[in-house]
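The values are calculated or read from the model by the stated rules, or taken from the named source; none is laboratory data. The model shown is predicted, which means the values in this text are computed figures rather than measured ones. Note that we place each Cβ from the backbone using ideal geometry, even for glycine, and neighbour counts take in every protein chain shown.
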Amino acid sequence: MDKLINTGECLSRGQAESYDLISDFCKSVGDLATNYSSAIIASKVPRLLTPLLVDNDFLLPEQRLLKGDDYEKYEIFLCPNDLFSVLAIVWPAGIYSPIHDHQTWCAFGVLEGEIEESKYALVNSQNNLCKANLTESVCHQKGAVTYMSSERNIHRIHNPGKDPAISIHVYGGNYKKIGANVDQIYNT
């Protein structure tokens with residue numbers, strides 16, 4: 001009779017290499033998160049994220065799916081010490097996120113497609129109405145990485161392409177406890 005095999009035991013060579021790459025990445029981010037302040041961590045994550053973006057095969061097929069018209073988030077790794085979270089986000093063609101800033105530091109890189117990031121400066125915040133003005137827009141192509149420190153950084157993400165785009169995001173903290181990690185939503 002054939003022995004039942006745990007799916008984790010029968011990784012292909014490519015899957016095993018991807019697993020090692022993700023494990024090494026997460027260990028390195030964990031080392032940063034325990035040895036540096038949150039103001040410094042974000043600036044160091046992009047150099048660690050770049051090699052991960054070369055390997056398109058580390059996501060499972062179900063982590064590439066769009067279930068509707070909105071973007072989808074998929075957990076890649078959740079630090080057991082709540083120091084950071086790694087998510088894949090699949091962006092439908094043409095979609096915009098709201099203009100927002102984050103509660104924690106974050107870094108992201110483009111795995112597939114292109115992502116346009118529009119950056120904003122705070123104009124005022126009165127009566128729970130936050131207003132920001134556009135300062136610049138940057139188109140991040142496949143393989144590009146960027147980051148935001150934990151200080152107020154306001155941006156909006158847009159997939160300007162005709163096909164879905166996928167980005168890999170690394171956030172300070174546990175995204176399940178923090179939630180969407182959005183501090184404020186802004187108007188222009």
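Just a few scattered comments:
- In the set (1) surrounded by 13 or more Cβ atoms within 10 Å (Cβ to Cβ); (2) under 30 Å from A132 (Cβ atoms); (3) charged (D, E, K, R); (4) in contact with a Leu (Cβ under 8 Å, 6 or more places away or on another chain), D82 fails one condition alone, (4).
- Complete set of residues in the stretch 68-124 that are within 23 Å of N174 (Cβ to Cβ), under 13 Å from the mean Cα position of the chain (by Cα) and of a type in the set (D, E, K, R): E72, K73, E75
- Residue that is nearest to the chain's Cα centre (by Cα), among those in the stretch 1-25 that are at pLDDT below 80 and of a type in the set (S, T, N, Q): S18
- Among the residues of this structure, S28 does not count as one that is within 20 Å of F77 (Cα to Cα) and at pLDDT below 85.
- One residue alone among Y96, Y71 is under 26 Å from L134 (Cβ atoms) and in contact with a His (Cβ under 7 Å, 6 or more places away or on another chain), and that residue is Y96.
- Residues that are part of a strand (DSSP E or B), crowded, with 18+ Cβ neighbours inside 10 Å and aliphatic (A, V, I, L, M) within the stretch 132-177 comprise A132, V145, M148, I154, I157, A165, I166, I168, V170, listed in sequence order.
- S118 meets the stated requirement of being of a type outside the set (V, I, T), farther than 15 Å from T50 by Cα and at pLDDT 90 or above.
- Of all residues making up the stretch 32-50, the number that are in contact (Cβ under 8 Å) with a residue 12 or more places away in the chain and either surrounded by 13 or more Cβ atoms within 10 Å (Cβ to Cβ) or of a type in the set (V, I, T) (or both): 13
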